[in-house]
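Below: one structure, written as structure tokens.
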Amino acid sequence: MTDDVSDIQSYYDGAAEQEDGRLKRHQLERDITWRYLEKYLPSDDAILEIGAATGSYTLELARRGYTVTAVDLSPTLLELCRERVAGEGLEKNVRFFVADARYLGDIKGDTFDAVLLMGPLYHLVLEEDRKTALKEAFNWLKPGGAIFSAFISRYGIWGDVMRNIPYWIENQSEVRSVIEKGRETDDSDRVGFRGYFATVSEIAPLHEEVGFKTMVVAGVEPAISADDESYNKLEGTGRKLWLDLLYELSAEESLIASSRHLLYIGMKPG
């Protein structure tokens, strides 16, 4: 059984502008993710980016000399990514494919030195579909290559929910379903954001079952809950020192689940 994710494609096709600004709002997520990318990415090699969206990571990777194959389910998001890449004259560094993370057969070429799976696993509510996407990533990765995959934390979202949609707590059947199953009830309307919210304890075993060797599981917004603004307004030395500290704390076991977004880094053995 596989899930029909056409509603997810439609959601992002209609929310391209909002998605384009997401990492401007969540700057700590972006900055800590880059710390891990800089530590574990190979230098100057081929990257498969599944869930490229409008190119927040794509552009910077291309600027740094990587060759990127950018994949997204949403043609609208990917077209914005293409325009941004062209605007910087980086077309030689990036190629584009509209595809589902579970089925990447149309991608041509050699295997890759690294895979970024930085969004699709948010929306694959069935465990079998998450495994399928990870198997696809594993098959396209060279032995010794690294995978970076992102999740939304089941227990780290509630500060955001209380801040932005506090009335949702009144829908107790949905609240309990997210807490117990990681997703809304099966009879929920398929409108808006529909996702899967992971526990920290399931992330490494899910990857290891596919064949990856775990290197790091981290929370990329440690200790700030929904308070993006306090970090976003920091500048200069103070911002760097706070980033240094929060990066250091990002893999602290007692903090990981409280982050809204979780990052897994693993390696394909060989």
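Bear in mind these aren't lab numbers, they're just calculated from the coordinates by the rules spelled out. Everything quoted here is computed from the prediction, not taken from an experiment. Virtual Cβ from ideal backbone geometry, glycine too; neighbours counted across all protein chains shown.
Quick notes on this structure:
- Residue list for the stretch 228-251, restricted to those being free of Cβ contacts under 8 Å to residues at least 60 places away in the same chain, surrounded by 13 or more Cβ atoms within 10 Å (Cβ to Cβ) and assigned to a loop (DSSP other than H, G, I, E, B): LEU234, ALA251
- Checked against the criteria, GLY159 counts as small (Gly, Ala, Ser), in contact (Cβ under 8 Å) with a residue 24 or more places away in the chain, surrounded by fewer than 18 Cβ atoms within 10 Å (Cβ to Cβ) and not in a loop (DSSP other than H, G, I, E, B).
- Residue check for LYS142: assigned to a strand (DSSP E or B) and among the basic types (Lys, Arg): yes
- Restricting LYS92, LYS131 to residues that are in a helix (DSSP H, G or I) and within 17 Å of ILE203 (Cα to Cα) narrows the list to LYS131.
- Any hit, the stretch 98-120, residues being assigned to a loop (DSSP other than H, G, I, E, B), free of Cβ contacts under 8 Å to residues at least 60 places away in the same chain, out of contact with any Phe, Trp or Tyr (no Cβ under 8 Å at 6 or more places or on another chain) and crowded, with 21+ Cβ neighbours inside 10 Å: yes
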